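A short worksheet on the structure shown next.
Computed from the coordinates by the stated procedures, all read-outs in this text should not be read as laboratory data. Predicted model, so just to flag it, every value in this text is computed and none were measured. Here the Cβ is made from the backbone with ideal geometry for all residues, glycine too, and neighbour counts use every protein chain on show.
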Amino acid sequence: MPGIYPKIIINFKAYNEGFGHSAHNIAKASEFVSEQSGVLIGVAPSYMEIHPISKHYEIPVYAQHVDAIEPGAHTGHILADAVRHAGAIGTLINHSERRLTLADVSGAVDAAKKANLQTVVCTNNIPTSAAAAAFSPDFIAIEPPELIGSGISVATADPAIIEDSVKAVKNINSNVRVLAGAGISTGDCVKRALELGADGVLLASGVVKAKDPEEVLFNLVSKI
C-alpha cells in the first residue's frame, strides 16, 4: 500500500468547477500549497480527470468510488485495477452521495487493496465507523450528512462525533487514520478537528467552488 497519507483530501464531486481547466487549477493550487507548507494535500477528481491530473501534478490522486468487482463482464462499473492504472493511489468508498451496504463496503475495500489502492471509507455515524474499521481501511472519514455542503463545520457543530468516532475506530484498529468531513472550510476548522483527534480532513465545496482555491488552501493549512 502506498505510504503516502495526506492531511487534507479535496473531493471534486461532480461540480462544474471540478473538471477540465478548473480541475487543473485546483490540482495546481494543491501542489503549490503542499510544497510551500509541507502539508500534503490529495485530490479526488472525477474519473475522467484522474489520468491527466496524476500525470501533471505531484500530489496524491484518489478516485471517488470503486466497485466490488473483479475484471470481467461488468458494464458501467468502476474497476479498482483500472483506477490504479489511470494513476490514482487510492479511492473514496461509501461517500454519503454514493452510499453502499456494509457488505459492499467490505467488498470494495478488498478490491481496492488487491489493486494496491489506499482506501478512504466514508461513514455517517459512530457505529458505522466502528464497523468499517473492522475492514482495515487506510482512512475512515466521518461525515454527518446533514452538515455536508452546509458551511457549518462538523468540528464545531458536532465535536463529540469526531472524538467518539476516533475512539471507536482506534479501539477496533489503531492503524486506521480518521478524517473529519462536512462543512470544513477554514484553518480554524482544521485545527479544531486535529485537536479532537482527527488525523486530517476531507472537504469539497469549500475549495472546489472557491474563486481562489489557492487562497483557501493556504488558510486551511495555516494552523496545522
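Applied to segment 67-83, the Karplus parametrisation 6.51 cos²θ - 1.76 cosθ + 1.60 on θ = phi - 60° returns per-residue 3J(HN,Hα) values of 9, 7, 10, 9, x, x, 7, 9, 4, x, 8, 10, 8, 4, 4, 5, 4 Hz, with x for Gly and Pro. Between segment 171-205 and segment 45-110, how far is it from one alpha carbon centroid to the other, in angstrom? Their Cα centres are 22 Å away from one another.
Could you check which residue among L202, L194, L102 shows the biggest mean-square fluctuation in a GNM of the chain with a 10 Å Cα cutoff? Ranking L202, L194, L102 by mean-square fluctuation puts L102 first.
Within segment 5-74, report the chymotrypsin sites (Phe, Trp or Tyr not before Pro) that DSSP leaves as loop and that have at most 12 other Cβ atoms within 10 Å.
Values: sites: F12, Y15, F19, F32, Y47, Y57, Y62; in loops: F12, Y15, F19, Y57.
Sites meeting the loop and neighbour criteria: none at all.
If only the Cβ of Lys and Arg carry +1 and only the Cβ of Asp and Glu carry -1, the dipole of segment 94-138 around its Cα centre is close to 40 debye.
Size of the dipole of the chain about the Cα centre, Lys and Arg at +1 and Asp and Glu at -1 on the beta carbon, nothing else charged, in debye to 20? Walk me through the intermediate numbers first.
On the way: 17 positive and 23 negative charges, 32 e Å.
Using Cβ point charges on Lys, Arg, Asp and Glu, the chain gives about 160 debye.
Along the axis of the charge dipole computed for the chain (Cβ charges of +1 for Lys and Arg, -1 for Asp and Glu, origin at the Cα centre), the listed residues H51, N175, P213 are led at the positive end by N175.
For the pair E195 and I4, what calculated FRET efficiency results from E = 1/(1 + (r/R0)^6), where r is the Cβ-Cβ distance and R0 = 25 Å, to the nearest 0.05? After rounding to 0.05, the efficiency reads 0.55.
Expressed in nm to one decimal, what extension gain is obtained for the pair E70 and D104 from 0.36 nm per residue of sequence separation less their Cα-Cα distance? List each step's numbers first, then the result.
Details: separation 34, 0.36 × 34 = 12.24 nm, distance 1.32 nm.
Gain on stretching E70 to D104: 10.9 nm.
So if R0 is 41 Å, what FRET efficiency would K223 and E97 give, r being the distance between their Cβ atoms, rounded to the nearest 0.05?
Efficiency computed from Cβ-Cβ geometry: 0.90.
Sorted from greatest to least, the principal axis extents spanned by the alpha carbons of the chain come out as 46, 41, 29 Å. Taking the chain as a Gaussian network of alpha-carbon nodes connected by springs under 10 Å, the highest mean-square fluctuation of the residues E214, E17, E97 belongs to E97.
Would you please give the FRET efficiency between H21 and E58, computed as 1/(1 + (r/R0)^6) with r the Cβ-Cβ distance and R0 = 25 Å, to the nearest 0.05? For R0 = 25 Å, the calculated efficiency reads 0.80.
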